Amino acid sequence: MNSFFTRKYVIQGIFIVIALVLLSRLFYIQIIDKSYFLSANNNVLRKITIYPARGVILDRNENILVQNEPVYDLMVIPKEVEPFDTAAFAQLINVDKARFIKRFQKAEHYSKYVASILEKQLSAMTYARLQEKLFEFPGFYIQKRSVRRYPDSIAAQFVGYINEVNESDIERSNGFYNRGDYIGRTGVEKSYEDMLRGQRGVQNLLVDAHNRPKGHFAEGRYDTLASAGERLVSSLDKKLQKYGEQLMRNKIGSIVAIEPSTGEILAFVSSPGYDPNLMVGRYKGNNYMRLLNSPNHPLFIRPIQAEYPPGSIFKVINALVSQQMGMVNASTYFTCGGGYHYGRRGLMRCTHVHGTLDLVQSIQYSCNTYYGYTYNRMIDHAGMRPSKAYKRWYDAVARFGIGNRLELDLPNERKGNLPTAEFYTRHFKSDKWTSGYNISLSIGQGELGITPLQMANVVAAVANRGFYYRPHLIKAIGKKNVIREEYTTKRSVGVDARYFEPVIEGMSRVVNAPGGTAANSRIYDIEICGKTGTVQNPHGDNHSVFFAFAPRKNPKIAIAVVVENAGYGATWSAPMASLMIEKYLRDSISRPKAYVEKIMQANLLPGMKKKYVSSTNRKDSTRHTEIKPLEAVTPKNTATRDE
């Protein structure tokens, strides 16, 4: 009996404890914790996401390149929608009725209880018209957003564009992004997404029966503030960038200008370009498809994605590397009789009979013969097997940033092509090949592929007499102007400073001495040191190439210009580089207006008639040297001939 009563009290005690726990939980839910209250009152509370302003992007002088502009998304919660005049509402927001119904059904299918975007990016005028009558349409409300605006419509491939996130973006972000958020899709917008995007905020608003906001719930205690993204100070000079884009109008190619002392990119021109404002707004999708299907590929980022044989500008690298190896020096002479003979019948022609030349003159007159002999010494007379000597040459050239990505702060940079010794051994099915088998490399042709960014970086290293800083497009981040450490480290090219002087003297004579291959691009009292190149193109007219730095002492700018299908390097690329240099150093142009307009107005697009700039310059040597593709040559008779 006593045992029975004991069990009775134990059971009663258990029930009492359970009851107390339940009552305590109910008290916490109803009195203390407001989250359930918020959920239960969805019909009178609205959770509004506050989107932060993306960080602005400025040029090096803190002029605006990219800013924000307010737009308004029309949101709908299908469960709260009451019967309404569909046609009148569609007319109010200036959309087709069928489109409106289709989008509403899509939102309803997604969720009747969760807000969905019905119409994106309404203009301020449409928003003002809608706001007056929105109370008549329960279930609809406005979500404020911001989109990008580009006041000068320049540097589209540099800045990139933003787009709405997809499911993959949401999954990779571990929940940071939600449906309807925007993300940087290309360019700097993508590279610096984590810094530009900012942090979302949330507001809990009370609304009345007419869908009108009546204030913040609980006096805003459950709201969170949005945090704007960091500002970025780019290295671009807006005036120089705009001028470069004007010069490249109706031309295909690139201009890359670098400040040698920092690695900061002053101009990043990819042509044809496009107005970045086309990638903003409700018609962005249509604009994107037009750009994507354009025959001239304006979405292709040529400074980092186009690869060309460098042509005669590569002679600068071979001149430096051969000196460092002890194969030639400033006083080394070779005789040019109109071409370089190799093997039993091989001949690599020159444009002229240059006679006896030293290293300086070989650069000035761009002599193919000189570099045939130089390459022969480095590969065949290095005191080791040619394939092993080639590996040493390969490593020396690679230190200039050739054949490797420079790790620019833009996505999708290509590394170019510097063929390895193993490549030639596989191709020739033997490792007993000699310099005659790939003699084209001596003058920058053959299997080499170099991006315009790499060209500009090489000439920046020459300007610095042996080192470079990693090229970059963003020089400072945030209010504290943070500079990334990797952009402040010197990178040696492995050539002693003393070996640069004869090469630089030759480059100076290219522009400033009579008979130099770019004498028509000389600027009075600014000593430009440059090298022309005319790159063979198996698909059409040759490419015009030029790289340079200025002034010779304390250089301020290093530049590479590539104009596709334009012919001589001295005819197009050199004058354009010269104008860019003068624009940057003086902020004015001393050349006659007719001279400048002739370059700007020339249409060099494929199939268009060319209007050549008059000049008295000499032809670059590689213009008249045919380099056959490797697959088409016989290993022991890789002759080049006059075109």
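Values in this text are rule-based calculations from the coordinates and carry no lab data. Note that the structure is a prediction, hence the values are computed from the model and not measured. Reconstructed Cβ throughout: ideal geometry from the backbone, glycine too, with neighbour counts over all protein chains shown.
Rounded to two decimals, what ratio of Rg to Rh does the range 419-479 give with C-alpha atoms and a Kirkwood Rh?
Rg/Rh for the range 419-479 comes to 1.20.
With bins 10 Å wide starting at 0, give me the P(r) of the range 280-426 over every alpha carbon pair, in whole percents.
For the range 280-426, the binned pair fractions read 10, 29, 29, 16, 9, 6, 1 percent.
Test of the criteria: in the range 88-183, which GluC sites (Glu not before Pro) are in a DSSP loop and have at most 15 other Cβ atoms within 10 angstrom of their Cβ?
Answer by residue number: GLU132.
Using 1/(1 + (r/R0)^6) with R0 = 60 angstrom and r between the beta carbons of LYS133 and ARG426, what's the FRET efficiency to the nearest 0.05?
0.25
Please tell me the relative contact order of the chain in percent, rounded to the nearest whole number, where contacts are Cα pairs under 8 Å and at least six residues apart.
14 percent
Amide H neighbours of ARG552 under 5 Å, counting only residues 5+ apart in sequence or on other chains, H built in-plane at 1.01 Å?
GLU527
With θ taken as phi - 60° and the coefficients 6.51, -1.76 and 1.60, list the Karplus ³J(HN,Hα) couplings across the range 296-307 in order, rounded to whole Hz; mark glycine and proline as x.
Calculated HN-Hα couplings, in order: 9, 6, x, 7, 6, 8, 4, x, 10, 10, 7, 10 Hz.
Taking the 0 to 90 degree range and rounding to the nearest ten, how far is the long axis of helix 314-324 tilted relative to the main principal axis of the chain, both from C-alpha atoms?
70 degrees
Please work out how much length the chain gains when fully extended from LYS553 to ARG282, using 0.36 nm per residue of separation minus the C-alpha to C-alpha distance, in nm with one decimal.
Stretched out fully, the LYS553 to ARG282 stretch lengthens by 92.4 nm.
Within the range 330-391, report the trypsin sites (Lys or Arg not before Pro) that DSSP leaves as loop and that have at most 16 other Cβ atoms within 10 Å.
For trypsin sites (Lys or Arg not before Pro) across the range 330-391 that sit outside H, G, I, E and B with at most 16 neighbouring Cβ atoms in 10 Å, the list reads ARG344, ARG345.
Placing unit charges on C-beta atoms (Lys and Arg positive, Asp and Glu negative, everything else neutral), compute the dipole magnitude of the chain about its Cα centre in debye, rounded to 20.
Using Cβ point charges on Lys, Arg, Asp and Glu, the chain gives about 460 debye.
Around LEU122, which amide H atoms from residues at least 5 apart in sequence, or from another chain, sit under 5 Å from its own amide H, with H modelled in the peptide plane?
TYR72, ASP73, LEU74
Using only Cα atoms, find the angle between the long axis of helix 573-586 and the longest principal axis of the chain, and express it within 0 to 90 degrees, rounded to the nearest 10.
60 degrees
Please sort 442-451, 499-508 by packing, taking for each peptide the average over its residues of neighbouring beta carbons within 10 angstrom, highest first.
Output ranking for 442-451, 499-508: 442-451, 499-508.
Given ASN464, ASN417, SER294, which one lies farthest toward the positive end of the charge dipole of the chain, if we put +1 on the Cβ of every Lys and Arg and -1 on the Cβ of every Asp and Glu?
ASN417
Per the helix-only calculation at 222 nm, which mean residue ellipticity applies to the chain, given -39500 (n - 2.57) for every DSSP H run of n ≥ 4 and division by its residues, nearest 500 deg cm²/dmol?
-9000 deg cm²/dmol
At LYS239 and GLN67, where each label point lies 7 Å from the Cα along Cα→Cβ, what is the point-to-point distance in nanometres?
Placing both labels 7 Å beyond Cα along the Cβ direction yields 2.0 nm.
Please work out the FRET efficiency for the pair ARG249 and ASN174, using the Cβ-Cβ distance as r and a Förster radius of 51 Å; give the result to the nearest 0.05.
After rounding to 0.05, the efficiency reads 0.70.
Taking Cα atoms, how many degrees apart are the long axis of helix 500-512 and the longest axis of the chain, rounded to 10 and kept between 0 and 90?
Rounded to the nearest ten degrees, it is 90.
Taking the Cα atoms of the chain alone, what are Rg (to one decimal) and Dmax (as a whole number) in Å?
Both quantities, over Cα of the chain: 33.0, 129 Å.
Would you list GLU230, GLU407 from fewest to most Cβ contacts within 10 Å?
Ascending number of Cβ neighbours within 10 Å: GLU407, GLU230.
Out of the trypsin sites (Lys or Arg not before Pro) in the range 108-176, which ones are loop residues according to DSSP with at most 11 other C-beta atoms within 10 Å?
The qualifying sites are LYS133.
Taking amide H positions as placed in the peptide plane 1.01 Å from N, state which residues far from GLY253 in sequence (5 or more) or on other chains have amide H under 5 Å from it.
Those qualifying (amide H under 5 Å, at least 5 residues apart or on another chain) are SER271, GLU564.
Return the subset of LYS475/LYS556; LYS190/LYS238; LYS239/LYS593; LYS239/LYS531; LYS239/LYS315; LYS190/LYS583 for which the Cα-Cα distance in this structure is over 23 Å, preserving the input order.
The answer is LYS239/LYS531; LYS239/LYS315; LYS190/LYS583.
State, to one decimal in nm, how far the label point of ASN94 lies from the label point of TYR595, with both points 7 Å from Cα in the Cβ direction.
4.9 nm
If I take all pairs of Cα atoms in the range 316-402, what percentage of them are more than 20 Å from each other?
It works out to 35 percent of all Cα pairs.
So for the range 489-600, averaging the separation of alpha carbon pairs under 8 Å that are six or more residues apart and normalising by length, what relative contact order in percent results?
19 percent
If you stretched the chain out fully between MET289 and GLU108, how much longer would it get, using 0.36 nm times the residue separation minus the C-alpha to C-alpha distance?
Length gained, MET289 through GLU108: 62.3 nm.
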